[in-house]
Structures are given as structure tokens and as C-alpha cells.
1. For residues that are part of a strand (DSSP E or B) and touching a helix residue (DSSP H, G or I) at 6+ places or on another chain (Cβ under 8 Å), scanning just segment 94-116, find the one that is modelled with the lowest pLDDT.
2. Restricting attention to segment 38-77, which residues are of a type in the set (D, E, K, R), surrounded by 14 or more Cβ atoms within 10 Å (Cβ to Cβ) and free of Cβ contacts under 8 Å to residues at least 60 places away in the same chain?
3. Tell me yes or no: at least one residue of segment 9-23 is hydroxyl-bearing (S, T, Y), farther than 23 Å from D124 by Cβ and under 19 Å from the mean Cα position of the chain (by Cα).
4. Go over the candidates A165, A125, A160, A186 one by one and state the one that is under 28 Å from S215 (Cβ atoms), modelled with pLDDT of 95 or more, of a type in the set (G, A, S) and more than 20 Å from the chain's Cα centre (by Cα).
5. Would you mind stating whether T72 is in contact with a strand residue (DSSP E or B) (Cβ under 6 Å, 6 or more places away or on another chain), under 19 Å from L150 (Cβ atoms) and among the hydroxyl-bearing types (S, T, Y)?
6. Taking helices (runs of 4 or more DSSP H) that fall entirely within segment 121-233, which contain at least 1 residues that are within 30 Å of A39 (Cα to Cα)?
7. List every residue pair whose Cβ atoms lie under 6 Å apart, where the two residues are 6 or more positions apart in sequence or sit on different chains, the first residue falls within segment 169-196 and is closer than 21 Å to E221 by Cβ, and the second residue, located anywhere, is of a type in the set (S, T, N, Q) and buried (at least 17 other Cβ atoms within 10 Å of the Cβ).
8. Out of curiosity, is R81 in contact (Cβ under 8 Å) with a residue 24 or more places away in the chain and of a type in the set (D, E, K, R)?
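The values are calculated or read from the model by the stated rules, or taken from the named source; none is laboratory data. Bear in mind that the values here come from a model prediction, so they are computed numbers and not experimental data. Here the Cβ is made from the backbone with ideal geometry for all residues, glycine too, and neighbour counts use every protein chain on show.
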Amino acid sequence: MDIPKSPAEHIRITPFADEPSTARDPFPGPELEPLRKAAFTIHNDDDREVVAVCVLWTITNPLGKTSTITLTMDEYLTTVRSVAIAPHGKISVAPSGFVLPMPEQGISVGSGTSDTRLATRLTDAQSVTVSLDSIIYEDGTLWGPNACGLDKRLTARKAAAIHIAHVVRKAMVDNEDPAHVLKPFASGFDSSNQQAEWESNFANDLLANPAQMESLLQYMESLPSPPPIKLQQ
């Protein structure tokens with residue numbers, strides 16, 4: 001499988017196999033070797049920070065059925081300052097997830113039977129293709145085909161957090177049980193409506209953690225807003 005083409009002039013892509021070895025191997029054992037071979041590193045050779053990224057893996061199984069793995073990383077789901085890819089920094093990614101630095105100078109993507117099953121899927125597949133689908137810089141410049149609609153995902157998530165928090169706050173003011181107003185959001189959603197999907201996620205989180213409702217509401221209300229998008233031609 002070839003590494004993807006770069007969607008931006010200051011984004012460079014190299015095979016993960018070219019990275020220096022670390023004390024902690026994220027792909028230990030021969031059964032995870034297909035993940036290592038499929039992994040690659042995204043280098044940000046720009047002075048700007050990359051705030052969001054989307055990678056799409058398309059796997060065609062032996063029967064010709066195609067499925068897609070969508071991996072995203074962004075800085076807008078936490079109230080604590082985080083960095084997706086620093087200026088002149090890099091991050092590696094495999095079909096099993098982003099390869100993240102660990103305190104002991106190793107790296108990890110997680111491990112377990114799910115990784116082994118995924119590695120087997122890659123080995124048995126008719127074909128595997130990968131696209132660095134979207135890159136968003138801190139100034140809102142978006143590069144890539146953006147088939148995953150990364151910018152819309154970020155906007156929908158922020159809107160969903162604000163909406164659900166508002167609905168619950170209003171219920172509290174009206175002396176209404178928050179669970180009563182949350183259940184319609186949690187029960188189901190139109191899969192094509194990204195805001196509705198996130199509203200369902202947030203509603204379920206609140207319903208599952210009633211004792212932490214106030215802190216969760218504050219978290220939702222404090223999530224940072226993504227930058228206005230400037231499409232790069």
C-alpha cells in the first residue's frame with residue numbers, strides 16, 4: 001500500500017517505518033506488522049499550527065465489500081490547551097489510530113484483540129487505500145478534498161454542545177427534570193445530521209452521569225470554537 005499524497009504544500013508525508021525506533025514499540029509482534037506497514041507520518045513544515053486532521057482508510061475485503069475507517073484529531077473537544085500538530089512538528093497515524101507520544105519516550109496507539117483483527121483485515125484485503133483527507137490550520141485554512149466534511153463536523157459539535165447545555169439549563173430554571181428533556185435527544189438521530197449525532201452523544205453523557213451534570217455542562221459551554229474556514233483552492 002502506498003502512502004497518501006500530501007494535500008498541502010507545507011505538509012510532508014513519510015512512511016512510519018522511516019521513524020527512529022523508540023523504547024516502546026506501538027506495533028509489537030509479527031501479528032501487528034501490517035499496521036506498521038500501513039502507518040505513515042504527517043510532517044507540518046509550516047509556521048502555522050495544524051488544529052485538525054482527518055485520515056480516511058478504505059479497505060476492500062476478499063468478497064469485494066468496501067468499508068471506510070475515519071480517523072480525526074482536533075483541538076476543540078477539550079477545554080485544556082492541546083496541539084494537534086505543532087509548527088514544524090509531526091504525528092504518525094495507522095489504521096488503528098494516531099500514534100501518540102508517551103511520557104517514557106515511547107509511543108502508543110493502544111493494543112489488544114481489536115488491533116489484531118484489524119491487522120488481519122489488512123492482510124486479507126483485496127486492496128487498502130488511504131487519503132489524508134483534510135488539514136485545517138490555526139488560521140482556518142483548509143487543505144484537502146475534505147470528503148469527511150471535517151470543518152462541518154467541528155462546527156456541528158460546538159453547536160450541539162451549546163444547544164444541549166441550553167436545553168438543560170432552561171429545564172433547571174423551570175424546575176423540570178433534566179432527564180426528561182434529554183431523553184428525546186438520546187433516543188436516536190438522523191445519521192446524516194452531524195449536529196444531531198453530537199447532541200445524542202452529549203445527552204447520553206449527561207444521562208449516564210447525573211452526579212457530574214453541572215461540571216459536564218460547564219465543560220460543554222466552555223469548549224473552544226473552531227476557526228472560520230478559508231477553503232484553499
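1. Filtering segment 94-116 down to residues part of a strand (DSSP E or B) leaves 94, 97-101, 107-108.
Adding the requirement that they be touching a helix residue (DSSP H, G or I) at 6+ places or on another chain (Cβ under 8 Å) leaves 94, 99.
On the way: A94: 95, V99: 89.
Per the criteria, the residue is V99.
2. D45
3. Just the residues of segment 9-23 that are hydroxyl-bearing (S, T, Y), to begin with: 14, 21-22.
Then keep just the ones that are farther than 23 Å from D124 by Cβ; that gives 14, 21-22.
Right, trim to under 19 Å from the mean Cα position of the chain (by Cα) and you get none.
Taking every residue of segment 9-23 in turn, none turns out to be hydroxyl-bearing (S, T, Y), farther than 23 Å from D124 by Cβ and under 19 Å from the mean Cα position of the chain (by Cα).
4. On the way: A125 fails: under 28 Å from S215 (Cβ atoms); A160 fails: more than 20 Å from the chain's Cα centre (by Cα); A186 fails: modelled with pLDDT of 95 or more.
Result: A165 is the single residue among A165, A125, A160, A186 that is under 28 Å from S215 (Cβ atoms), modelled with pLDDT of 95 or more, of a type in the set (G, A, S) and more than 20 Å from the chain's Cα centre (by Cα).
5. Working: in contact with a strand residue (DSSP E or B) (Cβ under 6 Å, 6 or more places away or on another chain): yes; under 19 Å from L150 (Cβ atoms): yes; among the hydroxyl-bearing types (S, T, Y): yes.
When the stated conditions are applied, T72 passes them.
6. Working: elements: 150-173, 178-186, 194-208, 213-222.
Helices (runs of 4 or more DSSP H) meeting the threshold: 150-173, 194-208.
7. As it stands, the answer is F185/S200; A186/S200, since those pairs meet every condition given.
8. On the way: in contact (Cβ under 8 Å) with a residue 24 or more places away in the chain: no; of a type in the set (D, E, K, R): yes.
Judged against the criteria, R81 is not a match.
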